[in-house]
Amino acid sequence: MKILFLDQFAELGGAQRALLEILPALAGRDWHACVTAPSEGPLLEQAARLGASTAVLPVGPYGLGRKTARDYVRFLADQPRLAVQIRRLIGREKADMVYVNGPRLAPAAIAAGGRIPMVFHCHSRIHPRGASAAVALALRWASAAGIACSEFAAAPLRRLGCRMRTVYYGVPDLKRPRPVRSGGWRIGLIGRISPEKGQLDFLAAAGRIASHVPECRFVIAGAPLFSAPSGEDYARRVHSAAAGLPVELLGWQEDVAGVLAGLDFLVAPSARDEATPRVILEAYAAGVPVVAYRTGGIPEIVEEGRTGLLVDPAPEALAERIMALLGAGRRALQELGANARRLWCERFTVDRYRGGVISLLEASYKSPQK
């Protein structure tokens, strides 16, 4: 079987890493992958290393965040062109299935796909309501199978009659020896520099904590991604807010395991629409506990008091909960970290994730199409 994977970004966010995790599982089944992205870049480079063929499918450019009416008009105007290009790719690659890794390509892919099986992977909650209705209509029309990274992401499409299966991400083993360091606490946030990741809330909390617990040190690892015009402006605000605080701004870090090994715990102050922040699962794989906002799909993966702590989304509440955790001492943190590691072994390994996705692909390929 030949699967055409369509992605709406060329850089490596969580959705793109989730796609890459699937590719090694195809080889043992004599399945082949062709991965597309809007331009050459990290996604296509890594897909090629994993044995996939690659192609450029120009899309956008579209950024993240709130869209204007002009963005929607431009998006709708792009769909006929995209449908023609995808139809040509399907023919050229002799694709037996199309795997759409994000909503922006779904309408064009479904229009182009004809009778071949279609799978849509939903990595975030689709907003606004009109957009989720349009995607749902297209998926139902094509009898497409749906994968969602959380129940939170699946819910709007499921309510609109789509067949959605929740398959939580899997991440590799990231346990590393902890570096030797003397005294103090090291608290970190890892993720792209973007408002939905909550760096400004993290820094506001850090300022409060540092005034009460001066031995604390804070880390932010990440960079703006996906060509969002607001990203660079937000990054400047983050740098400005960090001035004068005991914060290291590490920039983009490929070695996530190395960063996690140096942390006492990870903070995930994500915005309300975050579905399943992959970095939380990476922290679990490293045996690092998490303090996170009680938002989006996060309560589905953070077990309060066992693998981490959940807090209502406000910097003041975040600071208070972190200071309470520090007051509990290192033994409490070690217990949380051990529980997080066990939960990763039970629910969030790469093998478990691949098994869930592959079983859906097999079922979709065998089921009759309209």
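The values are calculated or read from the model by the stated rules, or taken from the named source; none is laboratory data. From a predicted model like this one, the values you see are computed outputs, not experimental measurements. Virtual Cβ from ideal backbone geometry, glycine too; neighbours counted across all protein chains shown. Calculation scope for accessible area: heavy atoms of the full protein, side chains included, ligands and nucleic acids excluded. Shrake-Rupley method; radii C 1.70, N 1.55, O 1.52, S 1.80 Å.
Quick notes on this one:
- Only one of the numbered conditions (1) under 16 Å from residue 361 (Cβ atoms); (2) out of contact with any helix residue (DSSP H, G or I) (no Cβ under 6 Å at 6 or more places or on another chain); (3) touching a residue at least 24 places away in the same chain (Cβ under 8 Å) is not met by residue 20, and that is (2).
- When residues in the range 271-297 are screened for being within 16 Å of residue 192 (Cβ to Cβ) and β-branched (Val, Ile, Thr), 3 of them pass.
- Looking only at residues in the range 110-143 that are part of a loop (DSSP other than H, G, I, E, B) and of a type in the set (Gly, Ala, Ser), the one that is farthest from the chain's Cα centre (by Cα) is 114.
- Scan the range 303-319 for residues that are more than 22 Å from residue 207 (Cα to Cα) and either outside any strand (DSSP E or B) or open to solvent by less than 40 Å² (accessible area, probe 1.4 Å) (or both) and the total you get is 4.
- Matching residues, the range 75-94, being under 26 Å from residue 130 (Cα atoms) and of a type outside the set (D, E, K, R): 75, 76, 77, 79, 80, 82, 83, 84, 85, 86
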